[in-house]
Amino acid sequence: MTVHVPSRSAVEHVDRDPLDRRELAAIIARDIPRGSYVNLGIGQPTTVAEYLTPEADVVLHTENGMLGMGGEAVGEAIDADLMNAGKIPVTETPGASYFHHADSFAMMRGGHLDVCVLGAFQVSERGDLANWHTGAPDAIPAVGGAMDLAIGAKDVFVMMNLFTKDGTAKLVPQCTYPLTGLRCVSRVYTDHAIFEIDSSGDGRVRVLETFGIAVRELAERMAIKLR
Amino acid sequence: MSRTAICHTAREAVAGIADRATILVGGFGMAGMPTTLIDALIEQGATDLTIVSNNAGNGDTGLAALLAAGRVTKVICSFPRQSDSYVFDGLYRSGQVQLEVVPQGNLAERIRAAGAGIGAFFCPTGVGTPLAEGKETRTIDGRDYVLEYPIRGDVALIGAHIGDRAGNLLYRKTARNFGPVMATAATLTVAEVSRVVEVGAIDPETVVTPGIFVDRILDLSAVSNDQHTSQVAS
């Protein structure tokens, strides 16, 4: 299943603030096609689950070996043998299944997952993803399933703030951080705007929607060409 | 010995593990982590070990305790850095342990390949990233792949839920994780289980790891009884 959006110019929501984290999670949930198999990355992407309605009929995959993952477990429902990829206790939904790691990653690599949502340090205009390593010499490298997810899911949605604290856009002409995957990101969801990347196209990034900023101003603050 | 041995002490279950062994250790976080076997390995004393596991130890127990005891020279894992991985962090930063970081799916598939007799395989994960540097690549039907080699263990230590006397294993929920794959890929596979049942008590249709892959089973229900007995005796 691929995400289809009819050709259109960007929808600008100028008279408002940028999206807060909860609004961003809700918008990503809105855009996940009904009936999808979805993996939500560790950290902020996990919060998207809170906005998936039963009508969306989304089945959540967790790479440590489960389809049909439910919400976070609390109280007596906590089971040390049932956790998500972030090692947080979770619950199972009717129709859930368990499987070993090689099968779990075959689901990704084999192209069976429809959407995954990942955080990022940087995304390039052709869809390269950098989200596993800052490149700092004293940092202990840890990749987990990030590289497998990046190249495996049919659609990779990135969820991040558009600008760093010093105001530099994280959607860049070319990533300077160590790469996680090449030409793998299809959508970038940020507090200021939603972008679509056609990794096989001319490298131009399409703005789908803005929040608290006009496309013109957005273009001025970014080093990539927008359309 | 080809048939599964049922062990009633942890010491028996880890007997014969040699220095410089490569040990596959199951578990994702603490789920499926064979902590009793790891504790027994610490007591057994094998050293200069290479540990293959998803993480590099949490807190002060299990793998972290093995690392803290100075028995590990190299860790092959996907995600060493966690909020409570301070034992590994300290050893790594002081150069006392080597690290090979492997994408999680590659870790599973390389172990699977070893167990399935595959010589190497072309994998799309990591293409164009630092983790593929220096590796052979090939373009197949227009897509780029990296050549990945199997990871075989001298020993696999895994945690399962129920075993029978024929060596068949069942797992519980996400504690299954690496267990079934690691069980296939080692010369000596040892599983700790919460209890052992008689042959025939597990429905053959539900067996996850067939007994052919399992050399020893440690019956944790018997271990706790033994400990209780020895405490009473002393």
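What follows is calculated from the coordinates using simple rules that are stated; it is not laboratory data. Since we're looking at a predicted model, the values are computed, not measured. Ideal geometry is used to build each Cβ from the backbone, glycine not excepted, and the neighbour counts take in all protein chains shown.
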*With a Cα-only, solvent-free Debye model of the protein assembly as shown, what are the log10 I(q)/I(0) values at q = 0.07, 0.08 Å⁻¹?*
-0.38, -0.50
*asked:* Shape verdict for chain B, please, from the Cα gyration tensor: rounded (a/c under 1.5), prolate (a/b greater than b/c) or oblate.
replied: oblate
*Counting helices only, and only those DSSP H runs with n ≥ 4, report the 222 nm mean residue ellipticity of the protein assembly as shown as the sum of -39,500 (n - 2.57) divided by its residues, in deg cm²/dmol to the nearest 500.*
-5500 deg cm²/dmol
*Which order do A:Lys170, B:Lys74 fall in if you start with the one that has the fewest other Cβ atoms within 10 Å?*
B:Lys74, A:Lys170
_Along chain B, longest interval not containing exposed GluC sites (Glu not before Pro), exposed being DSSP loop plus at most 12 other Cβ atoms within 10 Å_ = B:1-132
*In percent, what relative contact order does chain B have, based on Cα pairs under 8 Å that are 6 or more apart in sequence?*
24
_Given the options A:Ala73, A:Ile224, A:Gly110, identify the residue whose Cα lies farthest towards the positive end of the charge dipole of chain A (+1 on Cβ of Lys, Arg; -1 on Cβ of Asp, Glu)._
A:Ile224
*For chain A, state what percent of all Cα-Cα pairs lands in each successive 10 Å bin, counting from 0 Å until the bin that includes the largest distance.*
8, 33, 36, 18, 4, 0
_Relative contact order (%) - the range A:11-221, alpha-carbon pairs under 8 angstrom, separation at least six_ = 23
*Please give the helix A:21-31 orientation as an angle from the longest Cα principal axis of chain A, in degrees from 0 to 90, rounded to the nearest 10.*
80
_Residue among A:Pro178, B:Ala65, A:Phe99 farthest towards the positive dipole end of the protein assembly as shown, charges placed on Cβ_ = A:Pro178
*asked:* Can you give me the Kirkwood hydrodynamic radius for the range A:121-191, using every pair of distinct Cα atoms, in Å to one decimal?
replied: 12.4
*How are the C-alpha pair distances of the range B:51-106 spread across 10 Å bins, as whole percents from the shortest bin up?*
28, 62, 10
*Can you pull a Stokes-Einstein diffusion coefficient for the range B:1-116 at 20 °C (1.002 mPa s), Rh from Kirkwood over Cα pairs, as a whole number of µm²/s?*
147
*Identify all lysines with a Cα-Cα distance to B:Lys74 below 22 Å; exclude those on the same chain that are fewer than 8 residues away in sequence.*
B:Lys135
*Please state the charge dipole magnitude for the protein assembly as shown, taken about the Cα centre, from unit charges on C-beta atoms (+1 on K and R, -1 on D and E), reported in debye and rounded to the nearest 20.*
880
_Taking 10 °C and 1.306 mPa s as the conditions, I'd like the Stokes-Einstein D for the range A:49-182 in µm²/s, using the Kirkwood hydrodynamic radius from alpha carbon pairs._
97
*Using +1 on the beta carbon of Lys and Arg, -1 on that of Asp and Glu, and nothing else charged, what's the dipole of the range A:11-221 about the Cα centre, debye to 20?*
540
_About the Cα centre, charge dipole magnitude for chain B (Lys/Arg +1, Asp/Glu -1 at Cβ), debye_ = 220
